[in-house]
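Accompanying notes for the structure given below.
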Amino acid sequence: MEERDTSELEAKLKRISNRAKKNNKTVLISAENLVNGLSNRVGESIHRLLASYFSDIQVLYYIKPIDSFLLSAWQQWGYKNGKQFDEFVDNAIRAGNPNYKIAADTFSAIYGDNSLDVILLETNFLHGGNLLEDFYTRIGVDFSKTNDSESRSNISLNPHLCSILSRSPHLFENAHDESVKEHILNMAGKNSLAFKKSQGFISREIIQKIKNRFDSDGKYLVENYLPDASVNDVVVQPSTLEAAPLGDNEEIKQMLAIQMELMLKLAK
């Protein structure tokens, strides 16, 4: 994708498909960057290659509600670059990210409507209420016979803690540096306040910005790919809309509680 050259990929696909045909095997390709570059030639050409080498194709495209996607992306990468959440959202809006509509339309055009499932990554829209069971069910594997008895997730630091850490980007080698999170996880454990989610973190102003930019995309996705969902399910979750915004005093109290816990863990 970076070299804009698909010749190496095509050579690998030839070898993979030849082995799969001889052994009647299913090939599973899972990579989140397969949604990248779809608005230019190289991104689309990768999918056209995949479509040309396999006769029976099923595409499962999982999407997060957009407010959840933006918050998760910021908690994973954005704050390490010194960006506050509101600045990160502004940049995403200018870039049109996430581009769910472009991705879904591209997959539909290349693989066919009947080969594509767009799935909202929310409990009420997943078989068994979790990603792994939903995935296994959709590919025809009995989930009860697998070793994956419970869903796993990549936990994120509390967003208020991320806001504080964004003021010290020198603590991170790059946006993928997880060392600070790993230190806190090893010291305080996954049940620490440092990993507690915070309802009301997204301000009303940011919510409105997200809705202004993405409501039309959400409407399109509901009409074409997600008939059981609403626009708010896709764009700004009802739980986000219903959450009371945290006042400055409450934010300070949350941060003091996190800092006190980490200090006591360190002291012990």
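Can you name the residue in region 132-172 that is over 21 Å from Leu71 (Cα atoms) and of a type in the set (D, E, K, R) and is also modelled with the lowest pLDDT among such residues?
Looking at residues that are over 21 Å from Leu71 (Cα atoms) and of a type in the set (D, E, K, R), I get Glu150.
Can you confirm whether region 198-210 contains a residue that is part of a helix (DSSP H, G or I), hydrophobic (A, V, I, L, M, F, W, C) and either farther than 30 Å from Ser108 by Cβ or free of Cβ contacts under 8 Å to residues at least 24 places away in the same chain (or both)?
Checked region 198-210: at least one residue is part of a helix (DSSP H, G or I), hydrophobic (A, V, I, L, M, F, W, C) and either farther than 30 Å from Ser108 by Cβ or free of Cβ contacts under 8 Å to residues at least 24 places away in the same chain (or both).
Among (1) in contact with a Phe, Trp or Tyr (Cβ under 6 Å, 6 or more places away or on another chain); (2) loosely packed, with under 14 Cβ neighbours inside 10 Å; (3) not aromatic (Phe, Trp, Tyr), which single condition is Ser166 missing?
Condition not satisfied by Ser166: (2).
Does Ile29 satisfy the criteria of being in a loop (DSSP other than H, G, I, E, B), touching a Phe, Trp or Tyr at 6+ places or on another chain (Cβ under 8 Å) and either at pLDDT 95 or above or among the hydrophobic types (A, V, I, L, M, F, W, C) (or both)?
No.
So which of Leu60, Leu38, Leu70 is part of a helix (DSSP H, G or I), out of contact with any Leu (no Cβ under 6 Å at 6 or more places or on another chain), under 30 Å from Val231 (Cα atoms) and among the aliphatic types (A, V, I, L, M)?
That would be Leu70, the only listed residue that is part of a helix (DSSP H, G or I), out of contact with any Leu (no Cβ under 6 Å at 6 or more places or on another chain), under 30 Å from Val231 (Cα atoms) and among the aliphatic types (A, V, I, L, M).
Given the condition acidic (Asp, Glu), outside any loop (DSSP other than H, G, I, E, B) and modelled with pLDDT under 90, answer yes or no: does some residue in region 7-16 qualify?
no
Filter region 173-188 for residues that are part of a loop (DSSP other than H, G, I, E, B) and either surrounded by 13 or more Cβ atoms within 10 Å (Cβ to Cβ) or within 22 Å of the chain's Cα centre (by Cα) (or both) and give the result.
Within region 173-188, Asn174, Ala175, His176, Asp177, Glu178 meet the criteria.
Return the residue satisfying two criteria in turn: it lies in region 35-86 and is under 17 Å from the mean Cα position of the chain (by Cα) and of a type in the set (Ser, Thr, Tyr), and of such residues it is nearest to Ser239 (Cα to Cα).
The extreme case among them is Ser68.
Looking at Ala243, Ala257, which one is within 30 Å of Tyr61 (Cα to Cα) and hydrophobic (A, V, I, L, M, F, W, C)?
From the options Ala243, Ala257, the qualifying one is Ala243.
Only one of Ala73, Ala11 is hydrophobic (A, V, I, L, M, F, W, C) and either farther than 26 Å from Asn154 by Cα or in contact (Cβ under 8 Å) with a residue 60 or more places away in the chain (or both). Can you tell me which?
Result of the check over Ala73, Ala11: Ala11.
Are there any pairs, at least 6 apart or on different chains, whose C-beta atoms fall under 7 Å, with the first in region 160-183 and touching a residue at least 40 places away in the same chain (Cβ under 8 Å) and over 25 Å from Asp248 (Cβ atoms) and the second surrounded by 11 or more Cβ atoms within 10 Å (Cβ to Cβ) and aromatic (Phe, Trp, Tyr), and if so, which?
Going by the 7 Å Cβ cut-off, the qualifying pairs are Ala175/Trp77.
Which of the numbered conditions does Ala92 fail, given that it passes all the others? Conditions: (1) among the hydrophobic types (A, V, I, L, M, F, W, C); (2) closer than 21 Å to Ser166 by Cβ; (3) in contact (Cβ under 8 Å) with a residue 40 or more places away in the chain; (4) crowded, with 18+ Cβ neighbours inside 10 Å.
Among (1) among the hydrophobic types (A, V, I, L, M, F, W, C); (2) closer than 21 Å to Ser166 by Cβ; (3) in contact (Cβ under 8 Å) with a residue 40 or more places away in the chain; (4) crowded, with 18+ Cβ neighbours inside 10 Å, Ala92 violates only (3).
Do we find a residue being of a type in the set (Lys, Arg) and under 22 Å from Ile63 (Cβ atoms) anywhere in region 130-139?
Yes, region 130-139 contains a residue that is of a type in the set (Lys, Arg) and under 22 Å from Ile63 (Cβ atoms).
Going by what's in this entry, would Lys209 be described as basic (Lys, Arg) and surrounded by 11 or more Cβ atoms within 10 Å (Cβ to Cβ)?
The answer is yes for Lys209.
The values are calculated or read from the model by the stated rules, or taken from the named source; none is laboratory data. Since the model is a prediction, treat every value here as computed from it, not as a measurement. Counting neighbours? That spans all protein chains shown, and the Cβs are built from the backbone with ideal geometry, glycine included.
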